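Down below is the structure, laid out as structure tokens.
The values are calculated or read from the model by the stated rules, or taken from the named source; none is laboratory data. These figures come from a predicted structure and were not determined experimentally. Glycine also receives a Cβ, built like all others from the backbone with ideal geometry; neighbour counts cover every protein chain displayed. Calculation scope for accessible area: heavy atoms of the full protein, side chains included, ligands and nucleic acids excluded. Shrake-Rupley method; radii C 1.70, N 1.55, O 1.52, S 1.80 Å.
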Amino acid sequence: MIRRIFTGLSVLLLVLGGGLYFYLRSSLPQTDGRLVVRGPKAEIRIARDAEGVPLIAALNEEDAAFGLGFVHAQDRLFQMELQRRYGTGRLAEIFGPEAVTIDRQMRVLGLYRAAETEVPFLSSTVRRGLEAYAAGVNAFLASRRGALPPEFLLLRFAPEPWRPADSLVWGKLMAVQLGGNYRGELLRARMARTVPAGDLAFLYPEYPKDAPTTLSDMLPIYRRLALDALYAALPPVVGPIFASNNWVVDGRHSASGKPLLANDPHLEFGAPGFWYLARLETPQHQIAGGTAAGSPFVLVGHNERIAWGLTTTTADVEDLFVERIDPVDPGRYLTPEGSAAFASRRETILVRGQTPVDITIRTTRHGPVLSDVLPPGAADPGFALALAATFTIPEDRSAEALWEINRATDWPSFREALRNFVGPMQNIVYADVDGTIGFIAPGLVPIRRSGEGWLPVPGWTGEYDWVGFVPFAELPSAINPPSGHFVSANNKIVPAAYPYFLSRDWDLPNRAERIEALLATTPIQTPASSAAIEADTLSLMARRLVPLMTRISTADEASDEAIRRLRRWDFHMDRDRVEPLLFTAWLREFSRETLFDRLGDAATGYWDLRPRVMEAVLTEHKDWCDDPKQPGHRGCSVRLTDSLKTALAQLRQVYGADITQWRWGRAHVAMFANPVFSRIPVLRDWLDISIPTSGGYDTLDRGPSTIRDDARPFAQHFGAGLRIITDLAAPNGSTMMITPGQSGNPVSGHFADLLLRWRDFAWFVPDRSKAVATLVLAPEPLGSRR
């Protein structure tokens, strides 16, 4: 009897499981056949290759945008929906109370309102393109017959129709992520409350000369502001992530005799990934490269005549202003001209399973009041913190610029298109079939009456107000340099004599220096040699720091062995080597002990590997190694010895006693989390997408570690989600790779099929791939339209 019951239950579970599987399979898109849809002007052919990359062939540009919207919705519908809800501040509707803080922040920033106001400033051509893209998304929603992707089923909701503003808010989100300088301002203001100005100047080598004066004036106010609560309320999307490489060489330095351009932009990993490869073909153009689901643009790629690549400039385009509340009327604030009323509005955040949350959002002459992200009563009643940011201006025509660069034919038309670009400011390398190479950093950069936006400044004096923007003609730009190449890797792009302030948040020059060295080593470039540059794992950080760290003498065998290994190391962060883990774990612990002993809790948001600062500690500022309670005691040798012992003990506990098994790849694992499945224990394990990787903090094969995460301090959550190399001798022969796959649906064969090939630096050429499935979208007959 028990056996029969067990057998019956097993059969039932198999039937139910099989039924669920086949139901989920029905969420996969139709990729073959013919489908009649409303919206296009003529037939659209969508041919997918073995990697799932679509070739969208249309008779006009609008139908090409329609087709891109259709395939984005087929493969990345939930990603698009989540992105839209992020930008509109509507995550709590599906995730519940845990998302209210993020929604409050996004409502205060007003990203979606800014996206809606952008539409009227766009040309009719671009508006029609956005409308056609939205129509393509909605045509898929109307024509699908199976289940929605699994995330919708788990969260029990369905997507709403797509609108042009839903595409534009993507640009706003990118501006916040890649230009989130105000996170740094908040952090520095928090630190300034307890950290002496001299120490801040050491911690930030680009410390402005006028900062101590500002500090002394504003310090009492910083201590009154709810800076800790505001910093904690920032969503993860806010703040720049340093990592992207691009370079271009001219025909004199290319084996083909034509320019060669390489780009590998680095962003946060996820499943699905940020990038989606696509090819658009019309009688006018052939455009191909990396797109972002939700927008109708090729962001990095080429057309039949030109190619382009991006890295983030990290320009300072955001400032925090401390507004003084009018003591007579709390509904007003002080300005140089007297008291002014806040512009305010009420919004309601719907919360799944709970009562809606009503919030009041105020705006000053500088911008939205960030303090309003906090619950009532949490902020100081005498002050408010307002944000000035270029992404809030209504005349933003960045979408116009992106549409036009996709269709530019030469340097003058490419550069003219970028005149409309607001942000996020980018370092763009360019090449064309005629042999021209170029560099330009477009975007709006504020000109301040005084100061450099390094810390929150008084808003009531007008002294630090924005008085204009750097003229487009004076932004960094050049063509055909004598060196025959341009390189950028988030490094400083202008000399000291440049007449305008752009940023103090440049990344280390290490990656740019390494690219320059490798280009010099191989002066005639091919796609293969540029691919080798992208795969390079040499750490200049390690080359500088290891000799300084291994000068010490130790008394225990384990420390001696670690030091011997590091002294023989070639400084390549390869996943099968022990030394990268030894070095990173030791530097992590040395940095932690040094910073927290000196700064206390103020080090919390600042702590990282900080190689430039740690090198200065070991050379010019050895007093930072001392015990703060006993100056002159301890010293760098003792601190290095103790931190090495601690790091080795930590590694032994996690990876065992055998040091030969402490390979970098065991700890340095690229993690691709799904925003829904990663929250559910069984699904999290079943759909785990991760892979051991090489690379490190400053290598060209970039692999920064999340060292503040004690559970997985060496895991990699950011990196080159897209790699692309284009030889202008044959632009359509461009080699590409993304990760983890083209589809966002976990039951699709393209969910993570590119992961291993990406890790191993394999490539494919979409233009040479054969179609394995072709779908024809046919316009609905005129007589059937209502």
Quiz item: Hey, what's the stretch 376-528 come to in accessible area per residue, 1.4 Å probe, Å²?
Solution: 36 Å²
Quiz prompt | Average Cα contact separation per residue, the chain, under 8 Å, 6 or more apart, as relative contact order % | solution = 19 percent
Exercise. Using only Cα atoms, locate the centre of the stretch 429-456 and the centre of the stretch 144-199, then give the distance between them in Å, rounded to an integer.
Key: 23 Å
Practice problem: May I ask you to compute the full-extension gain from VAL494 to ALA520, defined as 0.36 nm times their residue separation minus their alpha-carbon distance, rounded to one decimal in nm? | Solution: 7.2 nm
Quiz prompt | Karplus-derived 3J(HN,Hα), 6.51/-1.76/1.60, for each residue of the stretch 747-753, Hz, glycine and proline x | solution = 8, 7, x, 9, 5, 8, 6
Quiz prompt | Neighbour net charge for SER27 - beta-carbon separation under 15 angstrom, K R +1, D E -1 | solution = +2
Quiz prompt | Cβ crowding within 10 Å averaged over residues, with 67-79, 731-743, 281-293 ranked highest first | solution = 67-79, 731-743, 281-293
Practice problem: Using Cα centres only, tell me the gap between the stretch 291-325 and the stretch 660-698 in whole Å. | Solution: 28 Å
Quiz item: Computed FRET efficiency, Cβ-Cβ of SER339 and ILE221, R0 25 Å: what is it to the nearest 0.05?
Solution: 0.85
Quiz prompt | DSSP H segments from the chain that extend 18 Å or more along their own axis, Cα-based, with Kyte-Doolittle mean of -1.0 or above | solution = 2-25, 61-88, 124-143, 164-178, 211-224, 579-599, 635-655
Quiz item: Where Lys and Arg each count +1 and Asp and Glu each count -1, what net charge lies around THR348 among other residues with Cβ under 13 Å from its Cβ?
Solution: +1
Exercise. Order these peptides, 526-537, 649-660, by their mean beta-carbon neighbour count within 10 angstrom, highest first.
Key: 526-537, 649-660
Quiz item: Stretched out fully, how many nm does the piece from ASP709 to TYR655 gain, at 0.36 nm a residue minus the Cα gap?
Solution: 17.7 nm
Quiz item: Quick one: if the Förster radius is 51 Å, what FRET efficiency do LEU141 and ALA729 give, using the C-beta to C-beta distance and rounding to 0.05?
Solution: 0.75
Quiz item: What FRET efficiency comes out for the pair VAL36/TRP686, r = Cβ-Cβ distance, R0 = 41 Å, nearest 0.05?
Solution: 0.65
Quiz prompt | Of TRP454, LEU609, TYR112, farthest towards positive along the dipole that unit charges on Lys, Arg, Asp, Glu beta carbons give the chain | solution = TYR112
Self-check item: Relative contact order %, the stretch 237-341, counting alpha carbon pairs below 8 Å whose residues are six or more apart
Solution: 17 percent
Quiz prompt | Sequence ranges 709-721, 676-688, ranked by mean other-Cβ count within 10 angstrom, highest first | solution = 709-721, 676-688
Quiz item: How large is log10 I(q)/I(0) at q = 0.08, 0.09, 0.14, 0.15 Å⁻¹ when the Debye formula is applied to the Cα atoms of the stretch 314-472, each weighted equally and without solvent?
Solution: -0.35, -0.43, -0.82, -0.88
Quiz item: Spin-label point model (7 Å from Cα, Cβ direction): what's the GLU615 to ARG332 distance in nm?
Solution: 5.5 nm
Exercise. Report the full-extension gain for the segment ASP570 to SER123: residue separation times 0.36 nm, less the Cα-Cα distance, to one decimal in nm.
Key: 155.4 nm
Exercise. Please give every one of the aspartates and glutamates within straight-line cross-link reach of LYS172, meaning a C-alpha to C-alpha distance under 17 Å, and leave out same-chain neighbours fewer than 8 residues apart.
Key: GLU81, ASP103, GLU116, GLU118, GLU268, ASP316, GLU318, ASP319, GLU395, ASP396, GLU400
Exercise. Would you work out which of VAL747, PHE274, GLY338 lies farthest towards the positive end of the dipole of the chain, given +1 charges on the beta-carbon of Lys and Arg and -1 on that of Asp and Glu, about the Cα centre?
Key: VAL747
Quiz prompt | trypsin sites (Lys or Arg not before Pro) restricted to DSSP loop in the stretch 720-780 with at most 10 other C-beta within 10 Å | solution = LYS770
Practice problem: Using a 1.4 Å probe and counting only protein heavy atoms, arrange THR348, THR554 so the residue with the most accessible area comes first. | Solution: THR348, THR554
Quiz prompt | Karplus (6.51, -1.76, 1.60) ³J(HN,Hα), θ = phi - 60°, over the stretch 286-301, in Hz, Gly and Pro reported as x | solution = 10, 10, 8, x, x, 10, 10, 4, x, 10, x, 10, 8, 7, 10, x
Exercise. Working with all protein chains in place, sort GLU206, GLU589, GLU61, GLU620 by solvent-accessible area computed with a 1.4 Å probe, largest first.
Key: GLU620, GLU206, GLU61, GLU589
